[in-house]
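A.B. asks: Take a look at this one; I'll ask things after.
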Amino acid sequence: MILARVLGNVVSTVKLPVFQGMKIMIVQPLDGEGNPQGQTFLAFDTVQAGVGDVVLVIDEGNSARTILRNPQAPIRAVVVGIVDDIER
Amino acid sequence: MILARVLGNVVSTVKLPVFQGMKIMIVQPLDGEGNPQGQTFLAFDTVQAGVGDVVLVIDEGNSARTILRNPQAPIRAVVVGIVDDIER
Amino acid sequence: MILARVLGNVVSTVKLPVFQGMKIMIVQPLDGEGNPQGQTFLAFDTVQAGVGDVVLVIDEGNSARTILRNPQAPIRAVVVGIVDDIER
Amino acid sequence: MILARVLGNVVSTVKLPVFQGMKIMIVQPLDGEGNPQGQTFLAFDTVQAGVGDVVLVIDEGNSARTILRNPQAPIRAVVVGIVDDIER
Amino acid sequence: MILARVLGNVVSTVKLPVFQGMKIMIVQPLDGEGNPQGQTFLAFDTVQAGVGDVVLVIDEGNSARTILRNPQAPIRAVVVGIVDDIER
């Protein structure tokens with residue numbers, strides 16, 4: 001699981017039927033200070049996150065399928081929480 | 001899942017029989033601005049994408065096998081959508 | 001499994017119910033000399049580690065689920081030990 | 001799956017019995033232009049590839065086990081094809 | 001699987017019971033020339049490797065569990081061979 005910031009959403013009309021109606025977000029991984037680190041990727045939303053939010057993202061297929069309660073979903077990354085603060 | 005651009009296709013005559021007739025694309029991962037990031041890799045096409053298209057690529061074996069409806073396919077990455085736009 | 005240093009904890013009120021009551025730590029991977037290497041990520045604690053501790057972190061979903069004795073947990077990384085020393 | 005060039009073979013006399021008789025190749029990942037990108041790693045050969053060949057390598061455990069028809073093989077990467085050309 | 005050099009061993013008194021009695025090595029990945037590449041990580045030994053040895057390391061959970069003959073072991077990387085030479 002990583003910290004990330006939501007940058008935007010992807011609009012795709014030609015895609016597999018299983019993805020219809022799912023919100024695909026572009027997320028930028030963040031370090032412990034909230035600075036960008038590494039490469040952006042795509043994640044499905046489960047917590048009504050918005051653009052600019054700092055979120056928790058899990059990037060593992062089996063975890064993503066458990067969260068979506070669909071053991072067959074072809075999905076790897078999911079937004080699972082919105083971050084309020086970092087304690088040090 | 002990531003954003004990527006299709007760069008071309010691989011021609012291979014000596015390969016495992018399971019890959020016969022499948023189109024293998026070279027894809028370049030993109031950031032949220034559409035700029036290249038990270039390393040190119042290979043993905044199988046499922047949406048009739050063409051060279052130059054910005055696409056959605058899922059890079060996880062179990063997801064790839066589900067999409068191809070073949071639980072035994074030795075495949076890891078698949079092109080699953082064509083991107084129209086990014087909303088911010 | 002990697003060496004890492006605990007940097008802090010994440011506070012998140014909006015998150016999936018499965019994560020309620022679990023302590024989410026930000027960890028910084030370390031090289032063999034104890035210097036930072038690579039990107040920070042998040043891990044769940046199982047050994048009462050504190051901020052500043054050098055720890056062992058396993059980053060693989062099936063391992064994490066075994067350690068938490070929950071084959072369905074949507075979890076990928078877990079802190080599994082506290083490091084006393086490196087022998088060379 | 002990625003493009004890679006075969007750099008050489010590893011000679012190892014002390015190794016697990018399961019690896020006896022298998023050819024372990026060092027491969028260098030390549031970008032779409034045939035230039036080196038990223039880190040070298042090791043892969044088992046299934047197509048009689050030789051040093052200098054540009055090959056297709058799949059780097060996922062379940063795929064590797066399917067290709068070798070051994071669901072228990074402790075193997076992650078396999079050379080599965082020899083590349084003739086890249087179409088753009 | 002990758003080439004790596006053994007840098008040292010980790011001493012940890014506070015750790016999960018499943019890791020008691022197992023030797024945890026710090027390994028540095030190497031390229032085809034024997035030069036360091038990428039980040040160090042931790043691996044369990046199965047071939048009595050020593051500090052300074054060039055070894056074969058497999059970094060995939062299912063492979064590691066097969067090698068240790070323990071389908072439940074929360075383990076991801078294992079040293080599986082000692083390298084004598086590289087043929088080119």
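The values are calculated or read from the model by the stated rules, or taken from the named source; none is laboratory data. A quick note: this is a predicted structure, and the numbers were derived from the prediction, not measured. As a convention, Cβ positions derive from the backbone with ideal geometry for all residues, glycine included, and neighbour counts pool all protein chains shown. When the accessible area is computed, the model is the full protein with side chains, heavy atoms only, and any ligands, DNA or RNA have been set aside. Shrake-Rupley method; radii C 1.70, N 1.55, O 1.52, S 1.80 Å.
A.B. asks: Let me confirm something: among A:GLN20, A:GLN48, A:GLN37, which residue is of a type in the set (S, T, N, Q) and touching a Ser or Thr at 6+ places or on another chain (Cβ under 8 Å)?
C.D. replies: Among A:GLN20, A:GLN48, A:GLN37, only A:GLN37 is of a type in the set (S, T, N, Q) and touching a Ser or Thr at 6+ places or on another chain (Cβ under 8 Å).
A.B. asks: Looking at region E:50-58, can you tell me whether even one residue there is away from chain D (no Cβ under 12 Å) and over 16 Å from C:ASP59 (Cα atoms)?
C.D. replies: yes
A.B. asks: Still on this structure: Go through region C:33-49 and give me each residue that's facing chain A (nearest Cβ under 10 Å) and among the hydroxyl-bearing types (Ser, Thr, Tyr).
C.D. replies: C:THR40
A.B. asks: Is at least one residue of region E:23-32 within 21 Å of C:VAL47 (Cβ to Cβ), open to solvent by 50 Å² or more (accessible area, probe 1.4 Å), more than 9 Å from chain D (Cβ to nearest Cβ) and without any contact (Cβ under 8 Å) to a residue 60 or more places away in the chain?
C.D. replies: yes
A.B. asks: What strands (runs of 3 or more DSSP E) completely inside region A:1-87 contain at least 1 residues that are closer than 21 Å to B:GLN37 by Cβ?
C.D. replies: A:2-11, A:24-29, A:41-45, A:54-59, A:77-82
A.B. asks: Please state which one of B:VAL47, B:VAL80, B:VAL54, B:VAL18 is open to solvent by less than 10 Å² (accessible area, probe 1.4 Å) and under 22 Å from A:PRO74 (Cβ atoms).
C.D. replies: Of B:VAL47, B:VAL80, B:VAL54, B:VAL18, the one residue that is open to solvent by less than 10 Å² (accessible area, probe 1.4 Å) and under 22 Å from A:PRO74 (Cβ atoms) is B:VAL80.
A.B. asks: Sticking with this structure for a sec: So which residues in region A:8-22 are of a type in the set (Gly, Ala, Ser) and facing chain B (nearest Cβ under 8 Å), if there are any at all?
C.D. replies: A:GLY8, A:SER12
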